[in-house]
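Single-structure report; data block below.
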Amino acid sequence: MDPAQSAARLVEKSATTEAVPLHQDNQGYAATIALPRPELESDALSLMCRRRSYRGFSDEALRLDHLSECLFAGLGITGFVKPFAESEEQLPFKLTPSGGGRNPYEAFVYARRVDGLAPGVYHYSAREHSLGLVGEQDLPSVAEVLAGQRWFEHTAALVLLVANFERTMWKYPHPTGYRVVLLEAGHIAQNILLAATARGLACTPTCAIDDRQAVRLTKCAQLTQSHVYTIALGNRSTIPTVMDPLHIAHNSSSPVAPG
Ligand SMILES: Cc1cc2nc3c(=O)[nH]c(=O)nc-3n(C[C@H](O)[C@H](O)[C@H](O)COP(=O)(O)O)c2cc1C
């Protein structure tokens, strides 16, 4: 399905099927305990409240230091620890939690317009905090990479998160290991989105990617080394959404305080 077909399907489905409740209240339980109002002005919560998926990317180049901060927030290493005294390996400590400290993700940056970077695909080395050029030939459009999502076309950079399943499944060779790897993409992406929000950037995560393009860009073609999640980054334009067939209001910014 292309995005327009997908939107038409949603409209048809909502007209012909019963809505699924999207939250569960506490009526019916033995007691309800009202919680203190969250301090939305605190550093952490106010940053989290400001994060919104914003698809209005300007044509201005992304600053390299802003990209660097986003990558560090998602995958940067802050220390190493030996898992046990006899171990020869050192597990990296990062800004996100990781099952068994195995840190299975690598990031690839598809740089379209980043200050100081030629357009191309780069691998982020967390240990070196550096970018390695993977390729700069035959670069696809962002819409081609993101399965026809034309509203991402002005994105300055895509961060592609590639899972190395063997890292985690060496320690957890069972379904939990697989679940752990998939879960961690969310932690990493959220940190990248929050770092981008702190810098006033436009950012949105997406799962909709053309797998052939992901393999072409990252050169990771094995089942055990597979692209999972992508984050689009750039400077904000004043037009919030160039085109969004799902008609989601992405520019409402006032957080609703519970309670
Ligand atoms: C796993 C996941 C996949 C998503 N995929 C897409 C996508 O393919 N395209 C898109 O425009 N937004 C995508 N989004 C963004 C959601 O539409 C957005 O998070 C949601 O509308 C809530 O808005 P908020 O991010 O501003 O809170 C995705 C979000 C998540 C968590």
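Each reported figure results from applying straightforward, stated rules to the coordinates on display, with no laboratory input. Worth saying up front: this structure is predicted, and the values here are computed from it rather than measured. FYI the Cβ positions are ideal-geometry reconstructions off the backbone, even for glycines, and counts take in every protein chain you see.
Some points to look at:
- Cα gyration tensor, the stretch 23-182 - rounded (a/c under 1.5), prolate or oblate: oblate
- Among 157-168, 69-80, 23-34, the order from most to least packed when residues are scored by Cβ within 10 Å on average: 157-168, 69-80, 23-34
- Compared with the alpha-carbon gap, the fully stretched path from residue 178 to residue 37 is longer by 47.1 nm at 0.36 nm per residue.
- Qualifying lysines (Cα of each under 26 Å from Cα of residue 94; at least 8 residues distant if same chain): 82, 171, 219
- Centroid-to-centroid separation of the stretch 86-144 and the stretch 150-216 [C-alpha atoms, Å]: 11
- Per-peptide average of other Cβ atoms within 10 Å, ordering 37-48, 177-188, 99-110 highest first: 99-110, 177-188, 37-48
- Charged-residue dipole, Cβ positions (Lys, Arg, Asp, Glu), the chain about Cα centre, Debye nearest 20: 180
- A Cβ-based charge dipole, computed about the Cα centre of the stretch 136-197 with Lys and Arg at +1 and Asp and Glu at -1, lands at about 380 debye.
- Here the label points at residue 7 and residue 65, each 7 Å from Cα along the C-beta direction, are separated by 3.9 nm in the simple model.
- Residue among 148, 164, 178 farthest towards the positive dipole end of the stretch 137-182, charges placed on Cβ: 178
- DSSP assigns beta bridges within the chain; of those with both partners inside it, close to 95 percent run antiparallel.
- Classification of the stretch 77-164 by its C-alpha gyration tensor yields a prolate form. The axis ratio a/c (a ≥ b ≥ c) is 1.5 or more, and a/b outweighs b/c.
- Most to least packed among 86-97, 210-221 [average Cβ atoms within 10 Å]: 210-221, 86-97
- Net length available on complete extension from residue 84 to residue 19 is 18.3 nm, with 0.36 nm assigned per residue and the Cα-Cα distance removed.
- For the chain, the residue among 234, 6, 17 whose Cα projects farthest onto the positive side of the dipole built from Cβ charges is 17.
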